[in-house]
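Here's the structure, in structure tokens; my notes come after.
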Amino acid sequence: IEVPVNSTADFFSVFDDITYQKGSSVLKQLAHFVGYENHRVGVSNYLKKHAYGNTTLKDFIDAQSESSGRNLDNWSQQWLYKAGFNELTTEFTCEDDRLAALSIRQSAPGEHPHMRQHRVDVALYQLKQDRLSIGPVFDVEVTGEMINIDEAVGAECPVFVFPNHDDWGYARVVLDDAAINVINGRIQQLEDPLARSMMISSLYDMSRSGRMPLSDFVKLAIGEMQQEPNIRVLAQLSRSVSSSIDLLYRLRPGSDAALADILAEVSEESWQRVTVESDPDRARLWFNLLLESVSSEPVQDRLRSLLQEKVSLPAVQLSEDLRWSILITLSALGAPDHDLLLTTERERDPSDQGRKFAIAADAARPVEAIKALWLKQLADEDSELGLAKQRYAIGSLFPSNQTALQAQQLDVILQSLIGLSDRDPYFLSSYVSGLLRPVCTKES
């Protein structure tokens, strides 16, 4: 998390998911590690002591050490100066329906073999009368490769153990097949939305790391979406399904019957939900998922009928932005009436924002000549488009379903980079993240 920033140009490249997501997660772990009240007092003292001045990271860590009475030098080195993350797994045995032993095993990836100190809440999950519930929870500090939780011995035997209850830790939780089988279809039995969110997050992590088939996760997540009452957890499910679909496209470039079946299932369920959903926020999530998963001609026709105002949705107001999103989706799928649809939308929305969306719709078309033309224009330092319009083109040039077209242009994209080193950092960031997203082929 702490990295050297030697120049202004470096500054633009270090603000990313590490900064915001890992950074916030580690702050949350620190608060739990030293105790919340100690953490609060440490932050207060730090702000007062250094008011109107500049600080280093050590100043903040020292304030936390003073308020908690814990030396955090080791903790700081482990969490802030070393890359990577850890995995936590649990092992337990039972005798006469009582825990005989419970341990947590910590591991680290080979390229970043760093063990860390974790303070986590470990929850025992019970299954009674086919209902899943959370049993006793133990406050545990994990150090080294394995630690035994002796205070849990004698507790009622769980169906599985979750070593990051309430999400205090920053680690990947690895569940075994038995735990997955228990969770599947029972997540909604957990009353706490955060507990449901943690189960979904762990299953999603396992699918991303190859421990669970992505298609299995998508089916499980769609089933959960149908029942999930909490809008934040529903949004989490929607995002995870969308990113899983994107990854499936990249794992299976070209036509794939299994992927087509998944897309059909997701798009059909999304359409059915969005046509009856009365809550605008929930309907919008289903609508976004529909746009991510549409592939078949019948579903494309449904989107076209929305543009033509032949049908309407009870809780989705078709704003100009949403109309453009539909058009860009249809363009990316090679809609034969693209020109007519584009002309209609341009007449409806002649604004500057409309012109940007029109660029995105054109760039999204699955035509090799169009891709080549846009890549040439993006590489032209004298282009009159401007950064904002260029970023709209980049953002839609290679949507998930066009991985084969992207692969054909990889050499052009890479060669163009050589001449782009003096361009705006935001342009370069967009160019690389938008055009060099990996495809799972040897060439890529």
### Task
With respect to F427, determine if the residue is closer than 22 Å to E320 by Cα and over 22 Å from the mean Cα position of the chain (by Cα).
no
When restricted to F217, F162, the only residue farther than 30 Å from L405 by Cα and open to solvent by less than 40 Å² (accessible area, probe 1.4 Å) is F162
Here the residues within region 363-422 that are without any contact (Cβ under 8 Å) to a residue 12 or more places away in the chain, in contact with a helix residue (DSSP H, G or I) (Cβ under 9 Å, 6 or more places away or on another chain) and of a type in the set (S, T, N, Q) are S383, S421
Exactly one of S267, S238, S243 is without any contact (Cβ under 8 Å) to a residue 24 or more places away in the chain and either within 24 Å of V439 (Cα to Cα) or touching a Ser or Thr at 6+ places or on another chain (Cβ under 9 Å) (or both), and that residue is S243
From the option list L306, L341, single residue qualifying as touching a strand residue (DSSP E or B) at 6+ places or on another chain (Cβ under 8 Å) and among the hydrophobic types (A, V, I, L, M, F, W, C) is L306
Exactly one of A283, A264, A257 is touching a helix residue (DSSP H, G or I) at 6+ places or on another chain (Cβ under 9 Å) and open to solvent by 30 Å² or more (accessible area, probe 1.4 Å), and that one is A264
Within region 358-381, residues being more than 16 Å from V412 (Cβ to Cβ) and of a type in the set (A, V, I, L, M) number 5
In region 121-147, anything assigned to a loop (DSSP other than H, G, I, E, B) and buried (at least 17 other Cβ atoms within 10 Å of the Cβ) is listed as none
Within region 82-105, the residues that are in contact (Cβ under 8 Å) with a residue 60 or more places away in the chain, in contact with a His (Cβ under 9 Å, 6 or more places away or on another chain) and part of a strand (DSSP E or B) are N86, L88
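The values are calculated or read from the model by the stated rules, or taken from the named source; none is laboratory data. Since the structure is predicted, the reported quantities are computational estimates derived from the model, not experimental observations. Cβ coordinates were reconstructed from backbone atoms using ideal geometry, including for glycine residues, and neighbour counts include every protein chain displayed. We work out accessible area using only protein heavy atoms, side chains counted, and drop any ligands, DNA or RNA first. Shrake-Rupley method; radii C 1.70, N 1.55, O 1.52, S 1.80 Å.
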